[in-house]
1. Counting every Cα pair in the chain, what percent are over 22 Å apart?
2. Taking only Cα atoms and a 10 Å spring cutoff, compute GNM fluctuations for the chain and point out the largest among Pro161, Pro53, Pro101.
3. Residue separation times 0.36 nm, minus the C-alpha to C-alpha distance between Phe174 and Met139: what's the value?
4. If you wrap a convex hull around the C-alpha atoms of segment 27-120 and split its volume per residue, what is the figure in Å³?
5. Could I have the simple spin-label model distance between Asn98 and Gln23, label points 7 Å from Cα toward Cβ, reported in nm to one decimal?
6. Output wanted: per-residue J couplings in Hz (rounded whole) for segment 157-163, from phi through Karplus 6.51 cos²θ - 1.76 cosθ + 1.60, θ = phi - 60°, x for Gly and Pro.
7. All other residues with a Cβ under 11 Å from the Cβ of Val37 taken together, and with Lys, Arg as +1 and Asp, Glu as -1, what is their net charge?
8. Determine the sum of side-chain charges near Ser169: Lys and Arg each +1, Asp and Glu each -1, restricted to other residues whose C-beta is under 9 angstrom from that of Ser169.
Amino acid sequence: MIRAIVFLLSLLTVVTAPVYAQQHGYAVHYIHGEGSVDGIKLAYQYHPKLDLPQAWRHFDVHFESSINFWRYGEENHHDGNFVLAVSPVIRYPFTTFNGHPVAVELGIGLALLDDTLFAGKDVSTHYQFEDRLGLVYQMDDANVAIRYMHYSNAGFKSPNPGLDFLSLSYSAYF
């Protein structure tokens, strides 16, 4: 677990640029999965200033690193899992609502699960892919979003049942 934390911290130092050329943010996600899985995801977002070609000017590319706390079961009999994740994320605004953009979001990242036996499933490996697809309502300095999140090892080892979540989140810049 210590190696994973050191890895995430070192990754942040690699992807971060000087302060004048970046924008930082945070996100808080409430997540709900199959059965009685609930959790919280706390994320740091790094929004680099990219010089994208004219055709890509409306795309937003950012990186998110997160700590997840998942819980499965009843109050007196539950199972928990701790997850670290890093993911590149791409957003594209496709319409507006009340004068603010609504964007589609997708990303595929890497996650490290503390426990491979969780919520009655054996996911085989501690290393998983974190896939996301969502809708984001972009306000001036904050966003609200709903996302579908999927974790699996992409078939590298069996069994690979995957874990599915819906996420409601709030994010802002600082």
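The values are calculated or read from the model by the stated rules, or taken from the named source; none is laboratory data. Just so it is clear, the structure is predicted and the values come from calculations on it, not from any experiment. In this analysis, Cβ positions are derived from the backbone assuming ideal geometry, glycine residues included, and neighbour counts consider all displayed protein chains. In case anyone asks, the SASA skips ligands and DNA or RNA and just uses the protein heavy atoms, side chains included. Shrake-Rupley method; radii C 1.70, N 1.55, O 1.52, S 1.80 Å.
1. 46
2. The residue with the greatest mean-square fluctuation here is Pro53.
3. Contour length minus Cα-Cα distance gives 11.2 nm.
4. 132
5. 2.0
6. For segment 157-163, the Karplus curve yields 8, 9, x, 9, x, x, 10 Hz.
7. -2
8. Overall, the nearby charge balance is +2.
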